[in-house]
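The values are calculated or read from the model by the stated rules, or taken from the named source; none is laboratory data. Note that the structure is predicted; figures quoted are calculated from it, not measured. Because the Cβ atoms are built from the backbone with ideal geometry, glycine has one as well, and the counts that use them run over all protein chains shown. To get the accessible areas, we keep the full protein, side chains included, count just its heavy atoms, and leave off ligands, DNA and RNA. Shrake-Rupley method; radii C 1.70, N 1.55, O 1.52, S 1.80 Å.
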Amino acid sequence: MPRPDPPYRRIVEEIRGRILAGDLRPGDRVPSVRQIAQRWGVAVATATRAMATLRDDGLVEATVGSGTVVSNHTRRRYPVSPAASQRPRQAGTLKQPLGRMHVLRAAIAIADVEGLDAVSMRRLAVDLGVGPMSLYRHVANKDELVTQMADEVFGEAELPDPGPPGWRAKLELVARRQWELCQRHLWLPRAVSFTRPALTPNMMAHTEWILHALDGLGLSMTTRIREALTLHGLVATVALSMAAEFESEQEAGITLDGWWSAQQKRADQTLDSGRFPLLATIPTETVSDLNGLFEYGLERHLDGFAALVEDPARMWS
């Protein structure tokens, strides 16, 4: 008695059938990983594997601003058998020898468009046109890959030596540089741990730079490292909201403006009830202005830190 196809394969064949039948045309959005998991009642890992198989077969592709759509590739016209899709791809399509930077830049490009969950050793090997085992000469596993990706991205932010005069100007500079990184690479906050810090040169250089920025203030090293971590935490917290909004747009295909428009009637009814007179006076754009929220949080945090610097009696460590 033949064994039934695994769940991910059944999902792949159903979506493939819709594409080949013309129900889904080139450029049409396909269900996201989250939507697949919900619609077919499978785990996210199963949905991710189904999406990766569709991508590897050339049926779908990720696009900036539109999510995953039916590919324009000619392979979409021809069905690919399950057996063929399981065969390893031919390596050697790189025009130059595979190096660590090739691996990192390719992984960063995937994460920038599709998010960190889309990055896998198998997917990376396909994009680079190499055998998966060749990647392990450069990174031990996905965890190390993500750490190296984050460190490479931190290297994009140039921190001047010695930097602007004054501790406050220095902290403003490094926080805004990190904010810019998070805007370019929405996955970055998820790749950085506070409790298990990566001992990598570029991330360590940011922390060292902040510690030096606090020289001469009479602060203990404990206070200085807590300030470095708090400053990055402020950046990361707002950046996570920005990443979540991008993911929501990709998943639902609705922009933030579109979402607010859809909520307008409900919002008007709630705010016009008179129960929330102060909330009713707040402009909608203020709530969704993440740049403004970041700047406000940074300035108020530094105001508080200035009080600590100016009054040593406030220091408790």
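Considering the conditions (1) acidic (Asp, Glu); (2) under 18 Å from Pro201 (Cβ atoms); (3) outside any loop (DSSP other than H, G, I, E, B), Asp112 is excluded by exactly one of them, (2). Restricting attention to region 246-295, the residues that are assigned to a helix (DSSP H, G or I), within 29 Å of Leu116 (Cα to Cα) and modelled with pLDDT of 80 or more total 6.
Counting only helices (runs of 4 or more DSSP H) that fall entirely inside region 132-240 and contain at least 3 residues that are in contact with an Asp or Glu (Cβ under 8 Å, 6 or more places away or on another chain) and not basic (Lys, Arg), the qualifying elements are 201-213.
Of these, Thr200, Thr223, Thr207, which one is open to solvent by less than 30 Å² (accessible area, probe 1.4 Å), out of contact with any strand residue (DSSP E or B) (no Cβ under 6 Å at 6 or more places or on another chain) and closer than 23 Å to Gly166 by Cβ? Give the derivation first.
On the way: Thr200 fails: closer than 23 Å to Gly166 by Cβ; Thr207 fails: open to solvent by less than 30 Å² (accessible area, probe 1.4 Å).
None of the others qualify; the one that does is Thr223.
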